[in-house]
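In what follows, a single structure is set out as C-alpha cells and then discussed.
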Amino acid sequence: MLNPTVTSLTAPDTTTPKKRYQAEACVAKHTGDRTEQQDRAAVFAHPNRKGTLMAVLADGMGGHSGGAMAAEQVILKARQNFEAFAPASESAPDLLRSIIDEAHIVIKLTRFTSEQDPHSTAVVFMMQPDRADWAHCGDSRFYHFRSGQLVTRSIDHSLVEELVRKGRLDAEGALRHPNRNVLLSCLGSEREPRVDIGHASPLVGGDAFLLCSDGLWAYIGEEEAGRILAENSPREAASTLIELARQRARGGGDNISLAVVKLVEVPSRPKSDFPTLGA
C-alpha cells in the first residue's frame with residue numbers, strides 16, 4: 001500500500017548562508033469500502049535535473065473501470081511532460097497547466113472510443129531548489145503546512161465549496177450535503193478544465209505538502225493533518241491518516257489516496273544514491 005520515495009536537495013535559508021534539506025516523500029492508497037480502486041498517485045524524480053521531483057494524484061470517476069483509466073492518464077501525462085521539462089523554455093506553472101490540459105484531452109477522446117464515461121480530478125505538485133509549484137482541478141486537495149501550521153490549501157471546484165464561498169453553507173454542512181460530490185470542473189467533461197495554480201518560495205525545513213483525494217480529507221481536519229505531518233515521517237503520517245479515515249468512515253468510505261512531500265533539515269551533505277542539489 002505504501003511506496004516511499006526519498007530524494008535530497010539543498011535550499012538557501014533566510015538566517016544562514018545555506019542549509020541543506022532532504023525531501024522525503026511517500027505515496028499511499030487504500031480501496032476503502034469500494035469494490036475498485038479508481039484513485040492513482042505517484043511521486044517521481046526528474047531523470048536529469050537533480051533535486052527536482054513531482055507528485056501527482058488523480059481521483060477517477062466513471063463506470064466499468066472508466067475512472068481508473070482516466071486517473072491513469074493523468075499519471076502518465078504527468079510523468080511524460082515532467083521528464084521533458086526544461087526550465088529554459090518552460091515555466092513550472094506552464095508545465096503543470098499543460099499536464100492537466102493534455103490529460104483532459106486524452107480522457108475526453110477516450111469517451112468516443114469506448115462505452116465508458118471517464119472523468120478525473122487532478123493535483124500536480126513540483127518541487128525545485130527553494131521553490132514549489134502546484135496546480136489542481138476538481139475536489140482533490142493540495143495542502144501546504146509549515147511546522148504543522150496551515151499555509152494554504154486548494155479550493156475545491158465543487159458545488160458545496162461554491163455554496164460555502166457564498167456564505168450559504170458552512171464547512172460542516174458541506175460534508176453532509178447530498179450534493180457534496182457534484183463537481184463544477186474536472187478532466188474529461190465537455191467544458192475546459194478550470195486550473196488553479198499556486199507556488200511557495202523560499203522553502204524551509206518543516207515545510208510539508210499533502211495531496212489527497214476526498215476519501216481522506218472528508219474525515220481529517222486541517223489542524224489534525226498538520227500536526228500528524230509535523231510529528232511523523234511521511235510514511236508514518238500516511239499510515240496514520242489512512243487509519244483514521246478508515247475508522248471514521250465506519251464502513252462507508254471512498255477510495256483513499258495521498259502523497260506527502262516533507263522537507264527535513266540535515267546537518268551535512270547526505271551520502272546516498274539520490275540526487276542532491278546545490279554546491
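Given PRO202, PRO129, which one is surrounded by fewer than 15 Cβ atoms within 10 Å (Cβ to Cβ), in contact with a strand residue (DSSP E or B) (Cβ under 7 Å, 6 or more places away or on another chain), in contact (Cβ under 8 Å) with a residue 60 or more places away in the chain and at negative phi? Residue meeting the stated conditions: PRO202.
Test VAL106 against the stated conditions and say whether it is within 23 Å of GLY51 (Cβ to Cβ), at pLDDT 80 or above and outside any loop (DSSP other than H, G, I, E, B). Let's see the steps before the verdict.
Values: within 23 Å of GLY51 (Cβ to Cβ): no; at pLDDT 80 or above: yes; outside any loop (DSSP other than H, G, I, E, B): yes.
So VAL106 does not fit the description; no.
Determine which member of the set ASP196, ASP156, ASP139 is surrounded by 20 or more Cβ atoms within 10 Å (Cβ to Cβ), within 20 Å of ALA259 (Cα to Cα) and out of contact with any Leu (no Cβ under 7 Å at 6 or more places or on another chain). Answer to the selection: ASP156. The residues of segment 176-189 that are more than 19 Å from ALA58 (Cβ to Cβ) and out of contact with any helix residue (DSSP H, G or I) (no Cβ under 8 Å at 6 or more places or on another chain), listed by number, are ARG176, PRO178.
Scan segment 169-203 for residues that are among the β-branched types (Val, Ile, Thr) and closer than 26 Å to ALA132 by Cβ and report the count.
Initially, segment 169-203 is screened for residues among the β-branched types (Val, Ile, Thr), giving 182, 195, 197.
Imposing the further condition that a residue be closer than 26 Å to ALA132 by Cβ reduces the set to 195, 197.
The qualifying residues number 2.
Among residues of segment 205-221 that are more than 19 Å from LEU175 (Cα to Cα), those with a Cβ under 8 angstrom from a residue that is among the polar types (S, T, N, Q), sequence gap 6+ or separate chain, pair up as GLY206/SER147. Taken residue by residue, segment 225-245 has no member that is closer than 30 Å to ILE105 by Cα, under 15 Å from the mean Cα position of the chain (by Cα), surrounded by 17 or more Cβ atoms within 10 Å (Cβ to Cβ) and in contact (Cβ under 8 Å) with a residue 40 or more places away in the chain. Can you tell me which residue within segment 29-81, out of those that are touching a residue at least 12 places away in the same chain (Cβ under 8 Å) and hydroxyl-bearing (Ser, Thr, Tyr), is surrounded by the most Cβ atoms within 10 Å (Cβ to Cβ)? By that ranking, first place goes to THR52. Can you name the residue in segment 115-130 that is of a type outside the set (A, V, I, L, M) and more than 15 Å from MET61 (Cβ to Cβ) and, of all such residues, is modelled with the highest pLDDT? By that ranking, first place goes to PHE125.
ALA70 falls short on exactly one of the conditions (1) under 17 Å from the mean Cα position of the chain (by Cα); (2) not in a helix (DSSP H, G or I), and that condition is (2).
The values are calculated or read from the model by the stated rules, or taken from the named source; none is laboratory data. This is a predicted model, so every value here is computed, not measured. All Cβ positions, even for glycine, are placed from backbone atoms using ideal geometry, and neighbour counts span all protein chains on display.
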